[in-house]
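Input: a single structure, listed below in structure tokens.
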Amino acid sequence: MSQSILIQIGQCGNQIGCRFWDLALREHAANNKAVLVDMEEGVVNAALKGPLGDVFDHKQFITDVSGSGNNWAVGNRFYGRRYREAIVESVRREAEMCDALQCFFVLHSMGGGTGSGVGTAILGMLRDEFPDVYNRFVTAVFPSADDDVITSPYNSILALKQLTEVAECVLPIENQALQDICTRISKFSSQSKAGIHTSAAKIKEGSAVSDSHQGAGKCSVQKAFDSMNNIVANLLLNLTCSARFEGSLNVDLNEISMNLVPFPRLHYLVSSMAPLYSLTDVNIPQRRLDSMFGDAFSPAHQLIRADPKHGLYLACALMVRGKAQLSDVRRNIERIKSSLRFVHWNQEGWKTGLCAVPPTGQPYSLLTLANNTCIEKTFTDLVVRFNRLYKRKAHLHHYLTVDGMEVAEFDDSLQSVQSLIAEYKDLQTTRQSIFIPRLQVAASDYSMQYT
Amino acid sequence: MSIITVQIGQCGNQIGTQLFSTIYDDIFSKDTGIQASKNEDYMDAALNRFFSCEGSVPEARAVMVDMEQKVISQAVSAAKRTGRWRFASGQQYVRGSGSGNNWARGFAAHGPRASDAVLDMLRHESEKCDRADGFLFATSLAGGTGSGVGARLCARVREEHPRAVVVCHAVAPYAAGEVAVQSYNALLTLASLRRGGADAVVLSANDDLHAVCATTPRGGGGREPVSFDDLNAVACRQLAAALLPAEGAPPSLSDVVDALAPHADYRLLSMRHAPQPTAAALPFTEVAWTPLLRRLRRMHAATSARDEGFERESGRVRSVADLLTVRGDGADDADCDAIADHRGAVWAPPGERVRVRRCRRRYGGLRRSAVLVSNSQAVLGTVEGITEKAWRLFASRAYLHQYVACGLTEDDFVQSFADVEQVIHSYRHL
């Protein structure tokens, strides 16, 4: 069976990753090729104590004690170097157990020190040590504007350069978007409990994408993160469902990278999921399939705040699970196409996947992945926050005291992100100005003229 | 005279499995309209053509290829579940981690690696036949394995067996997108097959198959959802009707190919099948030969896959050659001039433009039915659509880095465009 290895790094990466394994094990006897990396022991140890302790063995964990102090340089340079061999060994061990290793799936956050720093160091290692596994697929959690960590813009920009240069495909996720989704779900839930809705509609137990089935005795902050992590875990499940279940049109991670990345650096995808929950009330018909498509294309369902309707689509993937038929998907593509702007050379840039088995608790679901120029706004905002600090050289010394870290790294990273933004913006403004005619067959003989 | 099927990729394996089912079900149909003894002869010939009957359960004469396990496992179980036929064990090639919808990965990386093993399996299949008639490839144009590995294996089989007949059934994707890079994959496949590999390529376009499904809802109710299973069923109904024996000496595949695809620039075939009743209407459907054949002719002229609701033709659809197979009551006496009423290419003498095969046995529960396999301008719509879109991508250099990473160059692309434009030019100027 073609397989991926999931590498989860840092507190955020490991929390989401463990949640993903938890859900995957419920759905299916999961094939657990994973490496878990953290420079503090808390999260990974907690995982070992729980049910996941039976699923993984110690050789899959790489931990240290003191953490990276929210410092990308400490993560990337210090721990990245110290643990390089151990990490490569661990990955190699997992790889040897695969019949046919298809891709690496990396899970981390951008704003901290470990996920961001060690995570991007690992990407480089994977490229160098496993060049045949050409697909490095990253899910990266970006910090909100009001993130606790003051230096999160530094960490994010430094990491972003690496993602642009070393990853094949990236799913940026924003904490703010996840929070908004959770708020929306709990508002609906509490309104129906308070009888604000005239119907008895309640959210079906366990069906919300934010549902975590643990949570007893946890503080509210942790519960909030649990809900947010759950959403991302569900995203990952939907992304990889073809690997676990049958369907009439399988789609794997390599196909996603192939179809959604027309130019190598422009590989950031806006993800969106519908439905966010199912209703229990049997009198209210399940929101119809067509509404699900409409929802998935609304900003309220996106895992990153962005405005694709005002940007230009380079390509879009639709991963459908459950009782949806091919013709339902086609009908909805026709319906929705007219409200979306696709780049002129890829008007039919759709990739469709059909998996027969829906997610637990729902009759069907849709995950959309869009390569859209609107993503540049996310990077632009990050650059603004970066510059606010960098102008004043705030906190720089924490980074520059790390062995191997220089100011040039900051400048290079900033420049990389700025040119990425420019590339997206350029595409946004290209019109089909030059029409290049097709090859012509000369009438008299079979020689070709290439105009 | 046996046909060995090579089914490649998800689509190819789905189609192959459906084809064997359709054929098997038709062989054992109770509604044949002919004498029992004649039926026995037919059943023997047809079974032997597609199945090896050495064991207790007939085994499909097939080699199955894919770059991941799941699809083939599903196909093998689907066959087992029928309880009546199955795929022979040991005739499956599964290796690798998928082609990722990348034609170049399929053609340049997986294809060569698979060649030797697949050729061995083919040899093994051939040895089980008294007489091997030729190879039928079941592939698709849009993906990475069916298209890329398919093209490579076709070429390899041709190298190993220069005198064998190779017919490739290729499914063309929906014009409005199943795979973003489908037009590249399709273009590269068509170019490769033209350069060497298949003697004939039968194109079934998903848009056409869908049109047939959308107007023949099961159960007779309103518009019902259409699934890939439905599309595959339509394609296989047509293909089986064309490949099953006609009474008397079944013509060999090489006769068929010689008649239909005499020239390198003209190897693309399309199928039209009529009538297309709903499941509910099937027992009551009876069309006489003349109206049926006229309907088929109109379908061909209007390049319509479905047998009703299309506009009358405005221009002509010129053919190089056609093969008509009529099955059912009074087939021997059916007047087939009605179908021959269109111009052929200049070099084919009038009497030889349409070959007719006749079989008195009913097909698919239909009193009278016919399938027209034609080498004609009907393929232009699909092929031009593919080329146009692929060119738009190429002119913007989109996705090229993905193919270049697997060894293809921009020159290879240009050459492929040249090859396919040549085919388009040839058909346009019939």
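The values are calculated or read from the model by the stated rules, or taken from the named source; none is laboratory data. Just so it is clear, the model here is predicted, and its values are computed rather than measured. Methodologically, a virtual Cβ is constructed for each residue, glycine included, from the backbone with ideal geometry; neighbour enumeration extends over all protein chains shown. Side chains included, ligands, DNA and RNA excluded: accessible areas come from the protein's heavy atoms. Shrake-Rupley method; radii C 1.70, N 1.55, O 1.52, S 1.80 Å.
Structure summary
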| quantity | calculated |
| --- | --- |
| Test for B:Gly106: is it over 22 Å from the mean Cα position of the chain (by Cα), within 14 Å of chain A (Cβ to nearest Cβ) and more than 24 Å from B:Leu244 (Cα to Cα) | no |
| Any hit, the stretch B:118-126, residues being under 15 Å from B:Met67 (Cα atoms) and more than 18 Å from the chain's Cα centre (by Cα) | yes |
| Selection count, the stretch A:353-411, where residues are basic (Lys, Arg) and closer than 24 Å to A:Leu269 by Cα | 2 |
| Among (1) within 14 Å of chain A (Cβ to nearest Cβ); (2) open to solvent by 10 Å² or more (accessible area, probe 1.4 Å); (3) within 15 Å of the chain's Cα centre (by Cα), the one test that B:Gly146 misses | (2) |
| Qualifying positions in the stretch B:42-67 - in contact (Cβ under 8 Å) with a residue 24 or more places away in the chain and more than 23 Å from the chain's Cα centre (by Cα) | B:Glu54, B:Val57 |
| Within the stretch A:311-328, tally of residues that are within 8 Å of another protein chain (Cβ to nearest Cβ) and open to solvent by 10 Å² or more (accessible area, probe 1.4 Å) | 3 |
| Some residue of the stretch A:419-427 being surrounded by 12 or more Cβ atoms within 10 Å (Cβ to Cβ), modelled with pLDDT of 95 or more and within 14 Å of chain B (Cβ to nearest Cβ) | yes |
| Residue in the stretch B:214-224 that is within 13 Å of another protein chain (Cβ to nearest Cβ), open to solvent by 30 Å² or more (accessible area, probe 1.4 Å), of a type in the set (Lys, Arg) and in a helix (DSSP H, G or I) present | yes |
| Top-ranked residue of the stretch B:341-366 - restricted to ones that are of a type in the set (A, V, I, L, M, F, W, C) and open to solvent by 90 Å² or more (accessible area, probe 1.4 Å), ranked as modelled with the lowest pLDDT | B:Val346 |
| Where A:Gly361 falls short, out of the listed (1) open to solvent by 50 Å² or more (accessible area, probe 1.4 Å); (2) not in a helix (DSSP H, G or I) | (1) |
| Out of B:Ala78, B:Ala36, sole residue that is aliphatic (A, V, I, L, M) and either closer than 17 Å to B:Ser126 by Cα or in contact with a Ser or Thr (Cβ under 9 Å, 6 or more places away or on another chain) (or both) | B:Ala78 |
| In the stretch A:5-48, residue nearest to the chain's Cα centre (by Cα) [restricted to those that are within 14 Å of chain B (Cβ to nearest Cβ) and open to solvent by less than 40 Å² (accessible area, probe 1.4 Å)] | A:Ile5 |
| Qualifying residue in the stretch A:134-151 (condition: part of a helix (DSSP H, G or I) and buried (at least 24 other Cβ atoms within 10 Å of the Cβ)) | no |
| Residue match in the stretch A:4-20 (condition: modelled with pLDDT of 90 or more and at positive phi) | yes |
| Matching helices (runs of 4 or more DSSP H) fully within the stretch A:1-103 where at least 1 residues are within 21 Å of A:Leu126 (Cα to Cα) | A:10-27, A:84-96 |
| Within the stretch B:391-406, tally of residues that are more than 8 Å from chain A (Cβ to nearest Cβ) and either within 25 Å of the chain's Cα centre (by Cα) or outside any loop (DSSP other than H, G, I, E, B) (or both) | 4 |
| Pairs, first more than 11 Å from A:Asn155 (Cα to Cα) in the stretch A:403-416, second hydroxyl-bearing (Ser, Thr, Tyr) and outside any loop (DSSP other than H, G, I, E, B), C-beta under 8 Å, six or more apart | A:Met405/A:Tyr399; A:Leu414/A:Tyr390; A:Ser416/A:Thr164 |
| Answer from B:Gly33, B:Gly16 - the residue that is at pLDDT below 95 and in contact with a strand residue (DSSP E or B) (Cβ under 7 Å, 6 or more places away or on another chain) | B:Gly33 |
| Number of positions in the stretch B:29-79 that are assigned to a helix (DSSP H, G or I), hydroxyl-bearing (Ser, Thr, Tyr) and away from chain A (no Cβ under 14 Å) | 2 |
| Number of positions in the stretch A:250-296 that are within 9 Å of another protein chain (Cβ to nearest Cβ), modelled with pLDDT under 95 and in a loop (DSSP other than H, G, I, E, B) | 3 |
| Any pair with Cβ under 8 angstrom, 6 or more apart, that starts in the stretch A:76-95 at a residue that is within 22 Å of A:Val133 (Cα to Cα) and ends at one that is of a type in the set (Lys, Arg) and at pLDDT below 95 | A:Ser90/A:Lys59; A:Arg93/A:Lys59; A:Glu94/A:Lys33 |
| Unmet criterion (only one of (1) out of contact with any Ser or Thr (no Cβ under 8 Å at 6 or more places or on another chain); (2) facing another protein chain (nearest Cβ under 9 Å); (3) open to solvent by 20 Å² or more (accessible area, probe 1.4 Å)) for B:Thr409 | (2) |
| Residues within the stretch A:49-96 that are of a type in the set (A, V, I, L, M, F, W, C), modelled with pLDDT under 90 and open to solvent by 70 Å² or more (accessible area, probe 1.4 Å), tallied | 1 |
| Of all residues making up the stretch B:356-399, the number that are assigned by TED's automatic domain parsing to the domain that holds B:Arg316, farther than 17 Å from B:Val320 by Cβ and β-branched (Val, Ile, Thr) | 1 |
| Hits in the stretch B:162-196 - residues which are more than 14 Å from chain A (Cβ to nearest Cβ) and of a type in the set (Gly, Ala, Ser) | B:Ala164, B:Ala170, B:Ser192, B:Gly196 |
| Contacts under 9 angstrom Cβ, first residue in the stretch B:9-37 being under 30 Å from A:Asp252 (Cα atoms), partner among the aromatic types (Phe, Trp, Tyr) and part of a loop (DSSP other than H, G, I, E, B), 6 or more apart | B:Phe20/B:Trp85; B:Ser21/B:Trp85 |
| Residues (in a helix (DSSP H, G or I) and open to solvent by 10 Å² or more (accessible area, probe 1.4 Å)) located in the stretch A:104-127 | A:Thr114, A:Ala121, A:Gly124, A:Arg127 |
| Residue in the stretch B:117-135 that is within 26 Å of B:Glu421 (Cβ to Cβ) and either basic (Lys, Arg) or more than 14 Å from chain A (Cβ to nearest Cβ) (or both) present | no |
